[in-house]
Amino acid sequence: MARIVVIGAGVAGLAVAARLRVKRHDVTIVEQATTYGGKLASTRHGAFVFDTGPSLLTLPAVYRDLFNKTGRALEESVDLRPVDPGFGYHFADGTHLTMPGVDPGRCAQALGDAFGGRAAADWRALMQRAAAVWSLTRGPVLSSPVAGARDLLPLARRPQDLRAVAPWRSLHSLGRSHFADPRLVTLLDRYATYTGADPRRAPAALVTIPYVEQLFGAWHLGGGLATLADALAERCRERGVQLRLGTEVVQVTADGGRVTGVALAGGERLAADVVVADTDARQLYTELVPSDRRLRGAVRRVSRATASSSGFSLLLALRGRDPKLLHHNVFFPADYDAEFDALFGRDPRPVDDPAIYICNPDDDAMRPPDGQAWSVLVNAPRHGSAAAQDGTVDWRAPGVAEAYADHLLAVLARRGVDIRDRVLWRAIRTPADIAADTHSPGGAIYGSASNGPRAAFLRPANRSPLPGLFLVGGSAHPGGGLPLVGLSAEIVADLVGRA
């Protein structure tokens with residue numbers, strides 16, 4: 001039995017702690033915030049409840065496996081509900097698409113009904129390719145530790161496999177080569193934003209994201225997705241994990257060439273045989289670990305990596321109901337490329353005409369009978385000082401956040417959704433808020449951006465070069481988002497067992 005300290009009580013930290021505890025290790029989670037869940041959080045205003053982080057669950061099998069192996073089934077711990085229809089998509093030319101919540105065939109038919117022409121056949125053909133990429137990458141990449149390019153060589157053994165993954169190609173390029181209808185390209189491009197990336201630079205392998213979403217379904221948790229964090233924390237407590245909130249780690253300690261524990265802000269030291277860091281990899285390697293020549297390569301790589309985009313959100317308590325909107329809704333701009341120019345160009349700035357996502361939960365536990373609880377989200381540059389010149393925007397500058405919130409409501413009104421006279425209450429969450437709450441650099445939601453094949457496939461390894469130190473969560477392999485951080489917890493729990 002090993003003594004293990006987990007830094008961070010985000011989803012991955014809670015998940016790996018539960019898995020390690022049932023392997024009979026002595027596990028303590030240390031979290032700097034006064035609550036658990038990390039980015040998976042919620043807030044309440046009277047009868048209105050808002051998810052302030054993820055609002056969609058895909059690939060629930062990841063958490064079914066976790067809950068089954070640590071105690072009771074997932075469905076006994078949360079209210080798991082399928083969302084169908086899955087999405088309402090609204091395009092600048094006036095086209096409206098209602099996408100089913102599950103089944104690639106039904107989704108292709110919906111696209112054919114909305115767009116006509118070759119849309120259904122083109123989408124089916126792309127999803128067939130996505131199925132091949134998923135089959136190739138699910139085991140050797142997403143469910144296994146990847147320490148370097150050599151671990152990816154099996155994907156290149158057969159020419160047809162290499163052509164399917166196409167590491168030299170971007171997601172945007174893949175869409176343009178498969179689709180005659182530019183609206184399909186726009187729809188595919190959106191999935192790059194699931195990883196905080198630019199579709200013109202993100203790898204074509206991200207085509208697996210819509211495939212997984214449509215094959216395994218879109219899911220909601222009754223009361224909000226943050227109830228998953230509650231269930232994970234409760235599972236940890238049931239298994240005997242010690243959870244210390246409001247406790248900041250200031251250093252990972254080492255002696256004799258391996259980890260010895262952590263030092264806390266108040267001067268206390270916790271001895272450990274293993275430290276698992278559910279924190280941003282850049283912060284870990286540049287601020288928390290001791291100087292060690294074995295870590296130089298890891299420090300250099302995370303310092304050079306481009307952080308993902310962030311998000312700007314409005315939480316709106318609304319009077320009345322709008323029957324035209326679904327649970328999940330996306331309003332696309334006329335020029336989607338301009339959004340990525342604003343986010344990833346040399347002069348980052350809030351997007352003037354962004355794609356706007358509205359989560360309008362069809363959940364009576366999250367709204368009063370005569371109201372709606374909307375979470376409105378747009379992609380946004382990370383937060384930083386005006387003098388930094390590092391691809392960021394100063395979201396704390398006077399008037400910036402309020403002016404942008406008003407601007408987004410005006411954009412929605414121009415797109416036919418004017419709710420300004422229905423707002424009972426609103427709250428604004430900027431990248432600066434995300435950075436303060438989660439210690440992610442500038443509020444980067446997904447760690448490093450998946451811009452380029454190396455960034456997408458070669459994130460910081462789960463096993464660090466320093467013996468006894470492991471990385472879990474969105475900034476490490478295999479990446480960000482609820483399914484992938486759950487998979488990272490499984491990978492790390494297995495690695496610790498073999499250490």
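Being at negative phi, β-branched (V, I, T), surrounded by 13 or more Cβ atoms within 10 Å (Cβ to Cβ) and not in a strand (DSSP E or B) is a property that holds for T279. Only one entry in S303, S291, S313, S309 is of a type in the set (S, T, N, Q), in contact (Cβ under 8 Å) with a residue 12 or more places away in the chain and open to solvent by 60 Å² or more (accessible area, probe 1.4 Å), namely S303. Which strands (runs of 3 or more DSSP E) does the stretch 213-262 wholly contain that include 3 or more residues that are under 25 Å from the mean Cα position of the chain (by Cα)? In the stretch 213-262, 219-221 are the strands (runs of 3 or more DSSP E) which contain 3 or more residues that are under 25 Å from the mean Cα position of the chain (by Cα).
Residue-wise test of (1) under 26 Å from R414 (Cα atoms); (2) small (G, A, S); (3) touching a residue at least 40 places away in the same chain (Cβ under 8 Å); (4) buried (at least 16 other Cβ atoms within 10 Å of the Cβ).
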residue: L66; (1), (2), (3), (4): no, no, yes, yes
residue: T70; (1), (2), (3), (4): no, no, yes, yes
residue: E76; (1), (2), (3), (4): no, no, no, no
residue: H90; (1), (2), (3), (4): yes, no, yes, yes
residue: G94; (1), (2), (3), (4): yes, yes, no, no
residue: V102; (1), (2), (3), (4): no, no, yes, yes
residue: A119; (1), (2), (3), (4): no, yes, yes, yes
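For the stretch 177-195, residues that are within 22 Å of V133 (Cα to Cα), in contact (Cβ under 8 Å) with a residue 40 or more places away in the chain and not in a loop (DSSP other than H, G, I, E, B) total 11.
Of all residues in the stretch 473-487, those satisfying the criterion of being in a loop (DSSP other than H, G, I, E, B) and surrounded by fewer than 24 Cβ atoms within 10 Å (Cβ to Cβ) are P478, G481. As a summary of the residue check, R138 satisfies the conditions (1) surrounded by 15 or more Cβ atoms within 10 Å (Cβ to Cβ); (2) in a helix (DSSP H, G or I); (3) at pLDDT below 90 except for the one numbered (1). Exactly one condition in (1) open to solvent by 50 Å² or more (accessible area, probe 1.4 Å); (2) in contact (Cβ under 8 Å) with a residue 12 or more places away in the chain; (3) on the phi < 0 side of the Ramachandran plot is false for R24; which is it? Only one criterion in (1) open to solvent by 50 Å² or more (accessible area, probe 1.4 Å); (2) in contact (Cβ under 8 Å) with a residue 12 or more places away in the chain; (3) on the phi < 0 side of the Ramachandran plot is unmet by R24, namely (3). Only one of the numbered conditions (1) crowded, with 22+ Cβ neighbours inside 10 Å; (2) at pLDDT below 95; (3) part of a helix (DSSP H, G or I); (4) of a type outside the set (A, V, I, L, M) is violated by D198, and that is (3).
The values are calculated or read from the model by the stated rules, or taken from the named source; none is laboratory data. Model, not experiment: these values are computed from the prediction. In this analysis, Cβ positions are derived from the backbone assuming ideal geometry, glycine residues included, and neighbour counts consider all displayed protein chains. Side chains included, ligands, DNA and RNA excluded: accessible areas come from the protein's heavy atoms. Shrake-Rupley method; radii C 1.70, N 1.55, O 1.52, S 1.80 Å.
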